[in-house]
Amino acid sequence: MSRLNSLHSRLYAAAKYFLAPIIYRQPPIGLEPSELGIYLHELLNRASVPGDIAEIGCHMGGTACVASALVKKYTPHKSYTCFDTFDGFVESQLKADLDRGTPTSVQMRFANNSLALVRRILDLHGCNEVHLVKGDIATVPNESFSDRYSVILLDVDLAEPTYVGLKRLYPRLSEGGIILIDDCRQDPGQIWKAMLGYQRFCKENDLAPRIHYGFGIIEK
């Protein structure tokens, strides 16, 4: 990212922070309606499965606003944690997918963000209990993770962090738990390579890939 683009991103993020009560009167949900419905269903469906909730790649926190409210109401003993760079893509991970055909137009997508902005959006919607962890899922310290998870939403778009995220989180998935990997649609308009990371992990672990309304599914 050039210095000019970086400055523009910081200024844009600062403006969004101060205008958040106006801009984000409604949670800025990034998931497709079908995917959001599946995610919320699984949070309820796995209510009796021990383990916390993790959302990997939360962008503006809109999905967490809705999902954490449900967790707070029906399984208040479970924590809800969002992991994100809060600064767009990791350059090396993005370059690998650009080489695989992802369009260069996505390079600045998700960059106009900050942990402070997402915290503000969550707090505006009464989601003070949601934990935020800043960092790349491939490198955040193990201490950032819960011992067990019942539901994980993995939405990092790119092949490498999808694969490494699964390697790190699958061992922590409880029996009866589920991981939902976003952007695994196979339609012609799909620009993301998350599917490659998902397929690689499944192959290495003798798991049969299963796609459900755009989600790659892993259950234990």
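Simple spin-label estimate for HIS131 and ARG200 gives 2.8 nm between the two label positions (7 Å along the Cα-to-Cβ direction from each Cα). Taking amide hydrogens as placed 1.01 Å from N in the peptide plane, the amide H of ILE56 sits under 5 Å from those of PHE83, LEU153, LEU154, ASP155, each at least 5 positions away in sequence or on another chain. Centre-to-centre, using Cα atoms only, segment 114-153 and segment 54-102 are separated by 8 Å.
For the residues ILE191, ILE53, ILE23, a GNM of the chain with alpha-carbon springs under 10 Å puts the largest fluctuation on ILE23.
For the chain, what is the charge dipole size about the Cα centre, in debye to the nearest 20, if Lys and Arg each add +1 at the Cβ and Asp and Glu each add -1 at the Cβ? Roughly 380 debye, rounded to the nearest 20.
Other residues with beta-carbon under 13 Å from the beta-carbon of LEU94 carry, at +1 per Lys or Arg and -1 per Asp or Glu, a net charge of -3. Partner lysines whose Cα lies under 26 Å from the Cα of LYS95, excluding those fewer than 8 positions away in the same chain, are identified as LYS134, LYS167, LYS193, LYS203.
Output the DSSP H helices from the chain with an along-axis C-alpha extent of no less than 20 Å and a mean Kyte-Doolittle hydropathy no less than -0.5. Don't jump to the answer; show the numbers that get you there.
Numbers: long enough: 3-18 (23 Å, -0.26).
In the chain, the long hydrophobic H runs are 3-18.
So what's the net charge close to VAL49: Lys and Arg +1, Asp and Glu -1, counting the other residues with Cβ under 13 Å from its Cβ?
Here the count lands on +1.
If we count other beta carbons within 10 Å of each Cβ, what is the order of PHE83, PHE18, fewest first? List each step's numbers first, then the result.
On the way: PHE83 25, PHE18 11.
Placing the least packed residue first, the sequence is PHE18, PHE83.
Potential lengthening of the chain between MET108 and GLU175 amounts to 20.3 nm, from the contour at 0.36 nm per residue minus the alpha-carbon distance. Given their separation in residues at 0.36 nm each and the Cα-Cα distance between them, ALA47 and PHE18 gain 6.8 nm when the chain is fully extended. A dipole drawn for the chain from +1 and -1 charges on Cβ atoms has a positive end, and of CYS127, TYR80, TRP192 the residue lying farthest that way is CYS127. Given the alternatives (i) 25, 23, 15; (ii) 26, 19, 18; (iii) 29, 19, 17, semi-axes √(5λ) of the Cα gyration tensor in Å as computed for this entry is given by (i).
Shape verdict for segment 81-199, please, from the Cα gyration tensor: rounded (a/c under 1.5), prolate (a/b greater than b/c) or oblate.
Working: a/c = 1.78, a/b = 1.20, b/c = 1.48.
Oblate is the answer for segment 81-199, as a/c is 1.5 or above yet b/c matches or exceeds a/b.
Distant-in-sequence amide contacts of LEU173, defined by a placed amide H-H separation under 5 Å and a gap of 5 or more residues or a different chain, comprise TYR149. Rounded to 0.05, the FRET efficiency of the ALA116 and GLN26 pair, given R0 = 22 Å and the Cβ-Cβ distance, is 0.65. Would you please state which residues of segment 57-86 a label at LYS220 would reach in this model, taking the label point 7 Å out along Cα→Cβ and a backbone N cut-off of under 19 Å? Taking a point 7 Å out along Cα→Cβ of LYS220, the residues of segment 57-86 whose backbone N falls under 19 Å are 57, 78-83.
So if I place +1 on the C-beta of Lys and Arg and -1 on the C-beta of Asp and Glu, and nothing else carries charge, what would the dipole magnitude of segment 82-209 be about its Cα centre? I want it in debye, nearest 20.
Numbers: 14 positive and 19 negative charges, 17 e Å.
Roughly 80 debye, rounded to the nearest 20.
Compute a Gaussian network model of the chain, connecting alpha carbons closer than 10 Å, and tell me which residue from GLY177, GLY57, GLY101 fluctuates the most. For the chain, modelled as a Gaussian network with Cα springs under 10 Å, the answer is GLY101.
Arranged by the count of other C-beta atoms within 10 angstrom, fewest first, what order do SER68, SER34 take?
Working: SER68 27, SER34 12.
Least to most surrounded, the residues fall as SER34, SER68.
For the chain, adding -39500 (n - 2.57) for each run of n ≥ 4 DSSP H residues and dividing by the number of residues yields -11500 deg cm²/dmol at 222 nm.
Close amide H contacts of ARG185 (hydrogens built in the peptide plane, cut-off under 5 Å, sequence separation of 5 or more or a different chain): none are found.
All of the numbers you see were taken from the coordinates with simple rules; none came from a lab. Bear in mind that the values here come from a model prediction, so they are computed numbers and not experimental data. As a convention, Cβ positions derive from the backbone with ideal geometry for all residues, glycine included, and neighbour counts pool all protein chains shown.
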